[in-house]
Amino acid sequence: MAENPKHVTVRLRVPPELRDKISKSSEQYNRSMNADMVARLEQSFEAQISHEFEIHVMEIMLKEQQDKINSLIQSVDNLTKIVQGGI
């Protein structure tokens with residue numbers, strides 16, 4: 001195999017069962033075991049970015065909901081004062 005300056009060699013030890021799974025997957029997708037492992041690793045990092053984005057969106061939504069709850073609490077407090085003042 002020719003040296004490719006865009007790639008580095010990484011030695012990886014895996015259990016035999018995992019090697020078998022990688023082998024079956026690489027056959028299924030008609031690619032080498034190396035290409036299958038690289039694709040799976042890349043996919044795992046893409047998923048991580050996606051999860052981080054989802055968490056960010058959820059944090060924004062949570063803040064909006066907290067603001068709405070605080071506004072409703074303030075409205076209830078104001079109405080309570082009005083009702084108690086009228087009694």
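What residue, among those in region 17-52 that are farther than 18 Å from HIS7 by Cβ and hydroxyl-bearing (Ser, Thr, Tyr), is surrounded by the most Cβ atoms within 10 Å (Cβ to Cβ)? Going through the qualifying residues, I end up with SER25. Checking each residue in region 26-54 for being modelled with pLDDT under 90 and hydrophobic (A, V, I, L, M, F, W, C) picks out PHE45, ALA47, ILE49, PHE53. Only one entry in LYS21, LYS81 is on the phi < 0 side of the Ramachandran plot, more than 27 Å from the chain's Cα centre (by Cα) and among the basic types (Lys, Arg), namely LYS81. When SER23 is tested against the conditions (1) modelled with pLDDT under 95; (2) in a helix (DSSP H, G or I), the lone failure is (1).
The values are calculated or read from the model by the stated rules, or taken from the named source; none is laboratory data. These figures come from a predicted structure and were not determined experimentally. Using ideal geometry, Cβ is built from the backbone for each residue, glycine included, and neighbour counts are taken over all protein chains shown.
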